[in-house]
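K.L.:
The structure follows.
The values are calculated or read from the model by the stated rules, or taken from the named source; none is laboratory data. Since we're looking at a predicted model, the values are computed, not measured. Glycine gets a Cβ as well: all are built from the backbone with ideal geometry, and neighbour counts include every protein chain shown. Note: areas computed on protein heavy atoms with side chains; ligands, DNA, RNA excluded. Shrake-Rupley method; radii C 1.70, N 1.55, O 1.52, S 1.80 Å.
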Amino acid sequence: MATVSAVALIAAACGSGAATRTPPLPTRLPPVPLGESFTLHVGEGRLVQGDPTAGGFLLTLNRVFDDSRCPTDVTCIRAGEAFATLTAQAGSQRPTEFTMKVEDGGDARAEFGVYDIVATELLPAPLSTVSIDPKSYVLTVTVFARL
């Protein structure tokens, strides 16, 4: 995880010299109100309606990696986890990339400005006999305004 954080910091420090990123897939879905759960597919961005003073932002699921969650068809000693990298961008501000540790049975949390981003579910659930296509992940998220 330290390597991922270091890479994110280096990319942020490089500014316009950082590697170009693929823009999120266009969405025809309406903006998501605060407090409402929604799903993000890998490469998909959704506009989150903000509170009146802070405005909204675009939240994109970039990728899921290091998925060591326990397959549903076996018994494990440890539940395991997966890591999801997301990007949040408000208006014309520089995008902020962050990584969330998603564990079975627990919520992953991150902060962006005045917002708390909570990931509650990552699908598909792993099976011992099937490899998950990295582009098939779907993350369920809820965004709240911090009081």
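K.L.:
Going through the range 92-147 one residue at a time, which ones are hydrophobic (A, V, I, L, M, F, W, C) and touching a Lys or Arg at 6+ places or on another chain (Cβ under 6 Å)?
P.N.:
Selection gives Ala108, Val114, Val118.
K.L.:
Across the range 88-137, what is the number of residues that are open to solvent by 60 Å² or more (accessible area, probe 1.4 Å) and in a loop (DSSP other than H, G, I, E, B)?
P.N.:
Residues flagged as open to solvent by 60 Å² or more (accessible area, probe 1.4 Å) and in a loop (DSSP other than H, G, I, E, B) within the range 88-137 amount to 14.
K.L.:
So, Leu127, is that one without any contact (Cβ under 8 Å) to a residue 60 or more places away in the chain, of a type in the set (A, V, I, L, M) and touching an Asp or Glu at 6+ places or on another chain (Cβ under 8 Å) or not?
P.N.:
Yes: the conditions hold for Leu127.
K.L.:
Could you please tell me which pairs satisfy a Cβ distance under 7 Å, a separation of 6+ or placement on different chains, a first residue in the range 98-117 that is at negative phi, and a second residue that is surrounded by fewer than 15 Cβ atoms within 10 Å (Cβ to Cβ) and of a type in the set (Ser, Thr, Tyr)?
P.N.:
Correct list of pairs: Asp107/Thr120.
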